[in-house]
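Input: a single structure, listed below in C-alpha cells.
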Amino acid sequence: MAKYSKIISCGSYLPEKVINNSDLPAILETSDEWIRARTGITQRHIAADGELTSDLAAKAAKIALEKAGLAAVDLIIVATTTPDTTFPATAVSVQKKLGMHSGFAFDIQAVCSGFVYAMNMADIYIKSGQAKTALVIGAETITRILDWADRGTCVLFGDGAGAVILGESDEPGILSAKLHSDGQFQQELYVDGGVSINQQAGLLRMNGKEVFRHAVEKMGNVVLEALEDADYGIEDVKWLIPHQANQRIMDAIAKRFKIDSDKVLSAVAKHANTSAASIPLAICEHEAKLKSGDLVALTALGAGFTWGSIILKW
Ligand code: UT7
C-alpha cells in the first residue's frame with residue numbers, strides 16, 4: 001500500500017467573462033474603492049449562459065491530466081456547492097466529459113471547505129489502496145445563487161474551477177489533515193432554499209462580520225492542529241494557502257502567525273471568492289513558486305460552519 005499521496009499536477013479554468021468592480025455601481029450602490037479596501041477584490045469571472053459547473057471542472061481537469069500525462073484516474077471527487085443538478089453528481093458528468101468509463105466519482109458538499117475535505121478523502125482512498133490516482137476538483141458557478149440586490153454579498157464572489165491530481169508515492173506528500181464542523185453556525189451563512197425545503201436552489205445569505213471573525217480564528221487554529229499532527233510548527237511552513245474569501249482575512253492570519261505576507265498565497269484580487277474552487281485556483285496561480293519539498297498548509301472555513309487544514313510536502 002502507498003505510504004503517501006502526493007500532488008502530481010494541477011489545472012485551472014476561469015470563465016471568459018469578467019466583471020470589474022467599476023462595472024458594479026451601474027447595478028447597485030457600491031464603489032470600486034469600498035470593494036478593494038474591504039476585500040482586496042478587483043474583479044470576478046462569471047460563467048456564460050449554459051456553461052455548467054461540470055464544464056468548468058472538466059476544463060480544469062483536462063489541463064491537470066495533460067500535465068500529468070494521464071488519460072484516466074481511479075477516483076474523481078468534485079467539491080462543489082453549485083452542482084449541475086440535484087442528482088446525479090457533478091463528478092459523473094465530469095467523468096463523462098473526460099471520456100472516462102472506469103473508476104468511481106462522487107461530489108462532496110462542505111461549501112468553501114469542500115476542497116480541503118475532498119483532498120483528505122482522496123488521500124485516505126489512496127493510502128488504503130482503493131485508488132492509485134485521484135482527480136480532486138473544486139468547481140463553482142456560485143454567481144448563480146447570488147442576490148444581485150444585496151451589496152453585502154454579491155460583490156464578493158466569482159466562478160471558476162481548479163483541479164489537482166493526487167498519486168500514490170513513497171516520498172512525503174500529504175502529511176496530515178484536520179477537519180471540523182459545527183452546525184450551530186448554520187444561520188451565519190446559508191442559502192434560503194433547497195430541494196427539501198421549497199424545491200428552489202435559494203440565494204446566498206451571509207452575516208459577513210460573524211463569518212469574518214470565525215474565519216480568522218478557526219482557519220488559524222486548525223492550521224496549528226494539523227501542523228502538530230505532522231510534527232511541524234508554523235515557522236516551518238513555506239507557503240500558507242487559505243480559502244480566498246477576503247484579503248483582510250488572509251492578512252489577519254499572517255499577522256497572528258507573525259509570518260511574512262508573501263508566504264500567504266493570494267488570488268482573491270482577480271478571482272474573488274470562488275468557494276470550493278478557491279484553493280486549487282490559488283495553487284495553480286502560484287504553481288511556479290512551489291518547489292519540491294516545500295511545506296505547504298491549506299486551510300479553509302465555509303458555511304456550516306465547516307473548516308479544516310491539510311499539511312503537505314510539495
Ligand atoms: O466563503 C465563506 C467565507 N466568507 C467570508 O469569509 C466573508 C467574511 N466577511 C467579510 O469578508 C466582510 O465581513 C464583508 C466584506 C462581507 C463586509 O465587510 P465589513 O468590513 O464587515 O463591512 P460591514 O458589513 O460592517 O459593512 C460596513 C458598511 C455598512 O454600511 P453602514 O451600515 O456602516 O452605513 C454596509 O452597509 O459598508 C456597507 N456595505 C457596502 N458599501 C459599499 C456593505 N457592502 C457594501 C458594498 N459597497 N458592496
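The values are calculated or read from the model by the stated rules, or taken from the named source; none is laboratory data. As the structure is a prediction and not an experimental result, all values here were calculated from the model. Cβ atoms come from the backbone with ideal geometry, glycine included; neighbour counts cover every protein chain shown. The accessibility values were calculated without ligands, DNA or RNA, using every heavy atom of the protein model including side chains. Shrake-Rupley method; radii C 1.70, N 1.55, O 1.52, S 1.80 Å.
Residues in segment 14-46 that are within 13 Å of the ligand (Cβ to nearest atom), out of contact with any Pro (no Cβ under 8 Å at 6 or more places or on another chain) and either open to solvent by less than 20 Å² (accessible area, probe 1.4 Å) or part of a loop (DSSP other than H, G, I, E, B) (or both): 11 in all. Evaluating Val164 against the criteria (1) outside any strand (DSSP E or B); (2) of a type in the set (Val, Ile, Thr); (3) closer than 23 Å to Asp262 by Cβ leaves one unmet condition, (1).
Are any residues in segment 261-270 more than 12 Å from the ligand (Cβ to nearest atom) and in contact (Cβ under 8 Å) with a residue 60 or more places away in the chain, and if so, which ones?
Of everything in segment 261-270, those that are more than 12 Å from the ligand (Cβ to nearest atom) and in contact (Cβ under 8 Å) with a residue 60 or more places away in the chain turn out to be Ser266, Ala269, Lys270.
With respect to the numbered conditions (1) farther than 23 Å from Ala60 by Cβ; (2) within 20 Å of the chain's Cα centre (by Cα); (3) touching a residue at least 40 places away in the same chain (Cβ under 8 Å); (4) within 16 Å of the ligand (Cβ to nearest atom), which one is the sole condition not fulfilled by Ala252? Failed condition: (3).
Looking across segment 87-129, just one residue is free of Cβ contacts under 8 Å to residues at least 40 places away in the same chain, closer than 23 Å to Ala215 by Cβ and open to solvent by less than 30 Å² (accessible area, probe 1.4 Å), and that is Ile108. Residues considered: Val191, Val222. Of these, the only one that is within 16 Å of the ligand (Cβ to nearest atom) and free of Cβ contacts under 8 Å to residues at least 60 places away in the same chain is Val191.
Considering Thr274, Thr306, the condition of being within 16 Å of the ligand (Cβ to nearest atom), among the β-branched types (Val, Ile, Thr) and over 18 Å from Phe157 (Cα atoms) is satisfied by Thr306 alone. Residues in segment 152-190 that are charged (D, E, K, R), surrounded by fewer than 18 Cβ atoms within 10 Å (Cβ to Cβ) and either more than 20 Å from the chain's Cα centre (by Cα) or under 24 Å from Gln130 (Cβ atoms) (or both): Asp170, Glu171.
Among Asp84, Asp55, which is part of a helix (DSSP H, G or I) and crowded, with 20+ Cβ neighbours inside 10 Å? Talk me through it step by step, then tell me what you get.
Details: Asp84 fails: part of a helix (DSSP H, G or I).
Result: Asp55 is the single residue among Asp84, Asp55 that is part of a helix (DSSP H, G or I) and crowded, with 20+ Cβ neighbours inside 10 Å.
Inclusion of Ala297 among residues that are away from the ligand (no atom under 12 Å from the Cβ) and touching a helix residue (DSSP H, G or I) at 6+ places or on another chain (Cβ under 8 Å) is warranted.
Determine whether segment 172-180 contains at least one residue that is modelled with pLDDT of 95 or more, closer than 30 Å to Ala2 by Cα and part of a loop (DSSP other than H, G, I, E, B).
Yes.
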